[in-house]
Amino acid sequence: MTSPDATPGRGESLANPQWGGRFAEGPSAIMRAINASIGFDRKLWRQDIRGSLAHAAMLRHVGILSAEDEAAIRRGLEDIARGIEAGDFPWDEGLEDVHMNIEARLTEAIGEAGKRLHTARSRNDQVALDLRLWVRDAIDGLAGQVEAVMRALVARAEEHAATVMPGFTHLQPAQPVTLGHHLLAYVEMLARDRGRFRDCRARLDECPLGAAALAGTSFPIDRHMTAAALGFAGGPMRNSLDAVAARDFAAEFLFACAMCATHLSRFAEEVVLWTNPYFGFVRLSDAFTTGSSIMPQKRNPDAAELVRGKTGRITGALVGLLTVLKGLALAYFKDLQEDKEGVFDAAENLALCLAAVEGMVRDMRPDAARLAQAAGAGFSTATDLADWLVRALRMPFRDAHHVTGRLVAMAEAKGCDLAGLSLAEMRSVEPRITDDVFSVLTVAASVASRTSYGGTAPANVARMAAEWKERLA
């Protein structure tokens with residue numbers, strides 16, 4: 001971006017020629033610096049050219065443009081696209097934004113016909129269109145990446161449908177679960193994220209082009225034609241003020257990104273814990289870890305930590321846009337220039353986080369023996385004992401909970417697990433307990449018994465993994 005001390009360059013010593021004749025003096029260097037968006041909105045060039053091609057075709061169809069002018073505009077825009085793709089397009093900060101840069105280059109290349117392209121539209125509906133198209137494209141890419149992470153998780157869940165591990169509440173040992181069940185929980189979360197992206201896409205799938213500055217246009221345009229040409233299933237937006245002012249689609253997109261990033265961050269936090277030697281549940285290879293500049297033994301889960309950290313900037317983009325929007329009356333204000341950088345940054349960083357998580361899921365190597373050992377710690381089968389007392393002795397659950405608590409205290413004092421208590425010791429608390437109680441006090445028996453729909457029983461997990469494989473095929 002131009003600095004305040006910069007020497008005026010091409011197009012900077014006079015007013016921006018696209019503004020017309022009202023501004024006789026050029027803007028100050030500070031004004032140029034704060035006003036220019038070309039440093040970031042050039043990302044919209046594909047969408048801008050796409051919208052201009054559709055607009056030109058419509059103008060010819062309704063008789064506003066001649067066939068010759070439309071053909072010249074089409075050739076000129078296609079040449080510009082090739083130049084930008086090749087990296088030799090002369091972006092000019094003096095022309096403020098991507099729209100004026102492309103239009104100015106088009107006029108330079110094809111003459112008067114280029115000046116006719118902006119008939120019956122404004123930069124207000126043009127930028128609203130470009131951002132909708134960009135977000136729609138971004139959603140398609142991110143939804144595909146979400147599905148890739150889901151597939152990776154499903155594959156590991158299928159592999160570890162019967163691998164027992166500790167389940168936690170409050171990060172304290174609670175009940176045994178299986179690793180496959182744990183991983184499928186994230187599949188469910190990501191499925192909802194995918195649904196949010198799809199819902200957002202459906203709601204934004206209306207075309208603002210033709211709303212012009214805010215009031216529509218007196219030209220006999222065909223907005224349904226441009227909407228169809230640009231693939232907007234919802235047709236043209238029905239209110240010209242709303243069309244240029246609405247950015248809820250961008251906020252909704254950012255919420256979907258922030259929620260997805262939050263889910264990835266929760267998984268990343270678990271990877272950080274699981275790779276700690278005090279847990280020792282999984283190991284990551286050199287591909288997703290780094291070393292220390294001073295401690296040669298270190299293997300740091302930096303990929304997971306960065307996924308966790310980047311969630312802050314993605315959530316920040318959402319808060320930033322909502323803050324921009326909350327004080328705006330209708331219709332367009334320059335504040336809306338601030339809608340793009342956060343959207344671009346969030347989408348790019350979420351894409352990187354999704355790639356990192358997919359890679360870590362495929363890379364991580366669980367230690368089944370360590371997981372099984374941890375699964376039995378902390379009296380994790382205590383609920384199984386209480387449930388046995390209810391089933392076998394017809395004891396009310398609250399009484400069974402109390403008896404089990406006394407037996408846990410006895411085992412804790414003795415320094416053993418529940419299965420380490422003798423039958424006589426158990427009967428000293430509840431005389432009706434039989435040898436059968438020991439059948440429910442193993443970790444394997446505990447997870448196998450959780451057969452309710454959505455439970456952690458290995459057979460359940462295997463069925464659910466197979467179902468997800470089919471749905472994601």
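The distance from the alpha carbon centre of segment 215-272 to that of segment 414-457 is 55 Å, rounded to a whole number. Computed from the C-beta positions of A413 and A372 and an R0 of 35 Å, the FRET efficiency is 0.90 to the nearest 0.05.
On full extension, the segment bounded by R406 and S452 gains 13.8 nm, given 0.36 nm per residue less the C-alpha separation.
For segment 176-240, the relative contact order works out to 33 percent when only alpha carbon pairs closer than 8 Å and six or more residues apart are counted. Gyration tensor over the Cα atoms of the chain: the corresponding equivalent ellipsoid has semi-axes (square roots of 5 times the eigenvalues, largest first) of 62, 23, 19 Å. Give me the Debye-computed log₁₀ of I(q)/I(0) at q = 0.29 Å⁻¹ for segment 240-309, equal point scatterers on Cα only, no solvent, two decimals. Scattering profile of segment 240-309, log10 relative to I(0): -1.23.
Here the gap between E112 and E159, fully extended at 0.36 nm per residue and compared with their Cα-Cα distance, gives a gain of 10.4 nm.
Per-residue ellipticity at 222 nm, computed for the chain from helices alone with -39500 (n - 2.57) per DSSP H run of at least four residues, works out to -19500 deg cm²/dmol.
Among A382, L371, N349, flag the residue with its Cα farthest along the positive direction of the charge dipole of segment 328-393, charges on Cβ as +1 for Lys/Arg and -1 for Asp/Glu. Result: A382.
What's the Cα-based Rg to Rh of segment 29-182, Rh via Kirkwood? When Rh is taken as the Kirkwood radius, the ratio is 1.30. If the segment from A33 to F333 were pulled out straight at 0.36 nm per residue, it would be longer than the present Cα-Cα gap by 106.3 nm. Packing, taken as the mean count of other beta carbons within 10 Å per residue, orders the peptides 243-252, 64-73, 329-338, 384-393 from highest to lowest as 243-252, 384-393, 64-73, 329-338.
State in Å² the accessible area per residue of the chain; use a 1.4 Å probe, count heavy atoms of protein chains only, and round to the nearest integer.
Per residue, the chain has 47 Å² of solvent-accessible surface.
The modelled label-to-label distance for the pair R463/R192, using points 7 Å beyond Cα in the direction of Cβ, is 2.3 nm. A probe of 1.4 angstrom, applied to the heavy atoms of all protein chains, finds S439 with accessible area near 70 square angstrom. List every DSSP H helix in the chain whose Cα atoms extend 15 Å or more along the helix's own long axis and whose mean Kyte-Doolittle hydropathy is at least 0.5. Membrane-span-like by this criterion, though nothing is claimed about a membrane: 248-275, 302-325, 382-393.
With viscosity 1.306 mPa s and temperature 10 °C, the Kirkwood radius over alpha carbon pairs of segment 139-218 converts through Stokes-Einstein to a diffusion coefficient of 102 µm²/s. Counting only protein heavy atoms and a probe of 1.4 Å, the accessible surface of the chain is 54% carbon and sulfur. Over segment 316-440, the fraction of Cα-Cα pairs per 5 Å bin, rounded to whole percents and listed from the shortest bin up, is 2, 9, 13, 12, 8, 5, 5, 5, 6, 8, 8, 8, 6, 4, 2, 1, 0. Taking label points 7 Å from Cα along the Cα-to-Cβ direction, D399 and A424 give a separation of 2.6 nm. Both radii were evaluated on the Cα set of segment 209-285; the Rg over Rh quotient, with Rh as the Kirkwood radius, amounts to 1.41. One quarter of the surface of the convex hull around the alpha-carbon atoms of segment 26-84 equals 5.5 nm², the direction-averaged projected area.
Modelled spin labels at R75 and R203, positioned 7 Å past Cα toward Cβ, are 4.5 nm from each other.
Ratio of alpha-carbon Rg to the 2.2 N^0.38 Å globular estimate for segment 157-295, to two decimals, please.
So segment 157-295 has a normalised radius of gyration of 1.67.
The values are calculated or read from the model by the stated rules, or taken from the named source; none is laboratory data. Small disclaimer: the values here were computed from a predicted structure and weren't measured. Cβ sites come from the backbone with ideal geometry, for glycine too, and all protein chains shown count toward neighbours. Accessible surface is based on the protein model in full, side chains and every heavy atom, while ligands, DNA and RNA are left aside. Shrake-Rupley method; radii C 1.70, N 1.55, O 1.52, S 1.80 Å.
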